[in-house]
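S.K.: What follows is a structure written as structure tokens; I'll ask about it next.
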Amino acid sequence: MSSAREAPSAEVVTFGPEAVPEVVAVWNAALGETFPLRESLFTQNTVMDPHFDPGGCWVARGPKRGPAVGMCLAKVAREPIGADGTLPDRGWVSALVVHPAFRRRGLGTRLLAQAEAYLAGLGRRRVVLGGDPGHFFPGIPLRDEALAFFAGAGYQVRGDAYDLHRSIKDYTTPAMVAAARAGHPEVEIRPLRPGEEGRLLDFMDETFPGRWRYTMGRFLAERGPVGDVMGVVREGAVRGFAHLFHPGSRWIGPSIAWSPAVGRCGGLGPMGLAPAFRGRGLGLALLDAAVRHLQTLGVDEMIIDWTNLLGFYGRLGFVPLRQYRHGERIL
């Protein structure tokens, strides 16, 4: 993802949808072993994303307008992200990829400069690496070359996030979780049912009104099934949720974005409880219910994306799979 020598033969042009197969091929040449990209995921997170602007995406081509050898994607919030609004102080560099054969020729630096100029032109002086709406990564994938490249470009690089993993083929409910469930007979933990969408959104408005509410609203508006949300329900009111993804999901959630590298995979994220329901063992009970539900869908491997709660998830056997580092710069 970095480059140093000048590459005058490479031409940087604005992205067009016809370039999708080439961009995916470049991505997979550079990152495909760990982050295998599918055309469906790239399209979902770019041309189908309401925050995507073709003018903020560039393709680097080889000599004489040859094949794609790199790409860069920048974004700003083009509609309010729930209660967070449009976050007018910032923009994002969502992805920057250079084909391995074209690294260390100055191409990565040119693409990053293009993204920064685009964001500055929109008045976005705070540039954040990853974590954008419709993101590919929550930060910089933890690779020495990438970290050195962005640090050398003036980015403050600190603070880690993780994707976690465990096999759930032989998972069984631990005794401590069963005891927590038994201690709260008034609470149901189950997939939500058609007709409960409004109650879920009311809960999100009250407890997680920013990005999580926005993303859930988009999911439901695009006919995502509410049954893919594990709910904590008391007296008909939703008091907690866990958003699940699986091989049959129409929306490729971040937790299953890179599933070709893992196997028959399901995922979770985000999840949360109302404040009054925390500290009572119900968080682990919700996680347990999510695992067991994915088991019923034939899932063998489970991913939890973008978290630093290693201790909490580790109690049910989840361990780090991928690591990211936050990076940002004030232009």
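S.K.: Scan (1) 34, 24, 18; (2) 38, 20, 18; (3) 41, 29, 19 for the value of semi-axes √(5λ) of the Cα gyration tensor in Å calculated from this model and give just the label.
M.R.: Among (1) 34, 24, 18; (2) 38, 20, 18; (3) 41, 29, 19, the one derived from this structure is (2).
S.K.: Related question: Starting at the first residue of the stretch 83-97, write each ³J(HN,Hα) from the Karplus equation 6.51 cos²θ - 1.76 cosθ + 1.60 with θ = phi - 60°, in whole Hz, x for Gly and Pro.
M.R.: 5, 6, x, 8, 6, x, 7, 9, x, 10, 9, 6, 7, 9, 9
S.K.: Using DSSP to call loops (not H, G, I, E or B), can you name the trypsin sites (Lys or Arg not before Pro) in the stretch 172-250 whose Cβ has at most 10 other Cβ atoms within 10 angstrom?
M.R.: Hits after loop and neighbour filter: Arg223.
S.K.: Separate question: Sequence-distant or interchain residues sharing an amide H contact under 5 Å with Leu321, placed H: which?
M.R.: Under 5 Å from the amide H of Leu321: Asp163, Leu164, His165.
S.K.: Something else about it: List the residues whose amide H sits under 5 Å from the amide H of Gly267, counting only those 5 or more places along or on another chain, with H placed 1.01 Å from N in the peptide plane.
M.R.: HN-HN under 5 Å from Gly267: Phe245, His246, Ile303.
S.K.: Taking the Cβ of each residue in Tyr214, Tyr313 as the centre, tally the other Cβ atoms inside 10 Å and list the residues starting with the fewest.
M.R.: Tyr214, Tyr313
S.K.: Continuing with the same structure: Quick one: what are the phi-derived ³J(HN,Hα) couplings along the stretch 171-181, Karplus 6.51/-1.76/1.60 with θ = phi - 60°, whole Hz, x for glycine and proline?
M.R.: 5, 10, 5, x, 4, 5, 6, 4, 5, 5, 5
S.K.: Rounded to the nearest 500 deg cm²/dmol, what is the calculated helix-only ellipticity per residue at 222 nm for the chain, with -39500 (n - 2.57) per DSSP H run of length n ≥ 4?
M.R.: Working: 9 runs with 93 residues, N = 331.
Result for the chain: -8500 deg cm²/dmol, rounded to the nearest 500.
S.K.: Given Val187, Gly70, Gly314, which one lies farthest toward the positive end of the charge dipole of the chain, if we put +1 on the Cβ of every Lys and Arg and -1 on the Cβ of every Asp and Glu?
M.R.: Farthest along the dipole direction, towards plus: Gly70.
S.K.: Okay, next question. Between Glu186 and Gln323, what length in nm is gained on full extension when 0.36 nm per residue of separation is reduced by their alpha carbon distance?
M.R.: 45.5 nm
S.K.: Another one. Amide H neighbours of Thr173 under 5 Å, at least 5 residues apart or on other chains, H built in the peptide plane: list them.
M.R.: Long-range HN contacts for Thr173: none found.
S.K.: Starting at the first residue of the stretch 275-280, write each ³J(HN,Hα) from the Karplus equation 6.51 cos²θ - 1.76 cosθ + 1.60 with θ = phi - 60°, in whole Hz, x for Gly and Pro.
M.R.: x, 5, 9, 8, x, 10
Coordinate-derived values only; no laboratory data. What you see is a predicted model; the values in this text were computed from it and never measured. Cβ: placed from backbone, ideal geometry, glycine included. Neighbour counts: every protein chain shown.
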